[in-house]
Amino acid sequence: KAGVTQTPRYLIKTRGQQVTLSCSPISGHRSVSWYQQTPGQGLQFLFEYFSETQRNKGNFPGRFSGRQFSNSRSEMNVSTLELGDSALYLCASSLGGQGRSGNNEQFFGPGTRLTVL
Amino acid sequence: GENVEQHPSTLSVQEGDSAVIKCTYSDSASNYFPWYKQELGKGPQLIIDIRSNVGEKKDQRIAVTLNKTAKHFSLHITETQPEDSAVYFCAASKGDKIIFGKGTRLHILP
């Protein structure tokens, strides 16, 4: 079974631009979560999508948005890029069961390294 | 708010020795505790996990212990090898949300 894939792997943008990152989950997984990873802050949760609906959201500004398609693929968009947005953006997929009985084991992709100049 | 504290942030051990990484969590409703290993240039990979109805779990050289009363859980790596050098993350989840620790950079010294 293929793992989680993310495209592109590397991206360089300038301040003020916008960027779209893509994530394809493991086949059969309906939940996709996005994280921002920086050296000082570790893994910061951005949002989670399940069956095309945003189910959870972290504490990031509205410049960060996402969506999920009917095939569970997900995209994340960052508008008006700032220098501080430079980070590794990780996507993780899981079967996505809800509540305490759900299977919440997450599988991560390799990430997209975004550099904002 | 919910929080996971992870210590130490950096750990250096001699090859062959044991390494222990500790985490505490704040939400007593958490019931799933995975550990991830992240190697350079890769995403985190699940190495072991434990659920709240179990106190200890072992997989070859890796073991995890959970103390629900104290809200502590720990990762133990025995007979460390060079390939164990990586960043390790603990996490706590209660089904709808997963909170990660800030990571421990483990160095295995020759």
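The values are calculated or read from the model by the stated rules, or taken from the named source; none is laboratory data. For clarity, every value in this text was computed on a predicted model and none was experimentally measured. Positions of Cβ are backbone-derived with ideal geometry, glycine not excepted, and every protein chain shown enters the neighbour counts.
Of the residues making up segment A:67-80, those that are in contact with a Ser or Thr (Cβ under 6 Å, 6 or more places away or on another chain) and either among the basic types (Lys, Arg) or closer than 15 Å to residue A:30 by Cβ (or both) are A:68, A:73.
Residues that are crowded, with 24+ Cβ neighbours inside 10 Å and farther than 11 Å from residue A:37 by Cβ within segment A:77-90 comprise just one, A:78.
Beta carbons closer than 6 Å, at least 6 apart along the sequence or on distinct chains, pair a first residue in segment B:15-37 that is closer than 18 Å to residue B:54 by Cβ with a second that is among the aliphatic types (A, V, I, L, M) and buried (at least 22 other Cβ atoms within 10 Å of the Cβ) for B:23/B:4; B:25/B:4; B:25/B:92; B:30/B:92; B:33/B:92; B:34/B:91; B:35/B:75. Within segment B:1-46, the residues that satisfy the criterion of being crowded, with 17+ Cβ neighbours inside 10 Å and assigned to a loop (DSSP other than H, G, I, E, B) are B:30, B:31, B:43, B:44.
Scanning segment B:1-26 for residues that are farther than 23 Å from residue A:40 by Cα and not small (Gly, Ala, Ser) yields B:14, B:15, B:17. For residue A:36, state whether it is within 14 Å of chain B (Cβ to nearest Cβ), of a type outside the set (D, E, K, R) and farther than 21 Å from residue A:2 by Cβ. Yes: the conditions hold for residue A:36. Among all positions in segment A:4-19, there is at least one residue which is crowded, with 16+ Cβ neighbours inside 10 Å, in a loop (DSSP other than H, G, I, E, B) and within 9 Å of another protein chain (Cβ to nearest Cβ). Filtered by the rule that a residue be within 17 Å of residue A:89 (Cβ to Cβ), within 14 Å of chain B (Cβ to nearest Cβ) and β-branched (Val, Ile, Thr), segment A:39-78 gives no residues. Within segment B:40-68, take every residue that is more than 15 Å from the chain's Cα centre (by Cα) and within 23 Å of residue A:38 (Cα to Cα) and give me the one that is modelled with the highest pLDDT. Looking at residues that are more than 15 Å from the chain's Cα centre (by Cα) and within 23 Å of residue A:38 (Cα to Cα), I get B:43. If the condition is being more than 14 Å from chain B (Cβ to nearest Cβ) and outside any loop (DSSP other than H, G, I, E, B), then segment A:79-99 contributes A:83, A:84, A:85.
Taking residue B:49 as the residue in question, decide whether it is acidic (Asp, Glu), out of contact with any His (no Cβ under 7 Å at 6 or more places or on another chain), surrounded by 16 or more Cβ atoms within 10 Å (Cβ to Cβ) and over 24 Å from residue B:105 (Cβ atoms). No.
To keep it simple, each residue is scored yes or no on (1) in contact with a Phe, Trp or Tyr (Cβ under 7 Å, 6 or more places away or on another chain); (2) closer than 27 Å to residue A:49 by Cβ; (3) within 12 Å of chain A (Cβ to nearest Cβ).
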site	(1), (2), (3)
B:40	no, no, yes
B:60	no, no, no
B:64	yes, no, no
B:75	yes, no, no
B:79	no, no, no
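Please specify each residue of segment B:69-108 satisfying the condition of being more than 10 Å from the chain's Cα centre (by Cα), more than 23 Å from residue A:36 (Cβ to Cβ), buried (at least 16 other Cβ atoms within 10 Å of the Cβ) and not aliphatic (A, V, I, L, M). Within segment B:69-108, B:71, B:80, B:84, B:85 meet the criteria.
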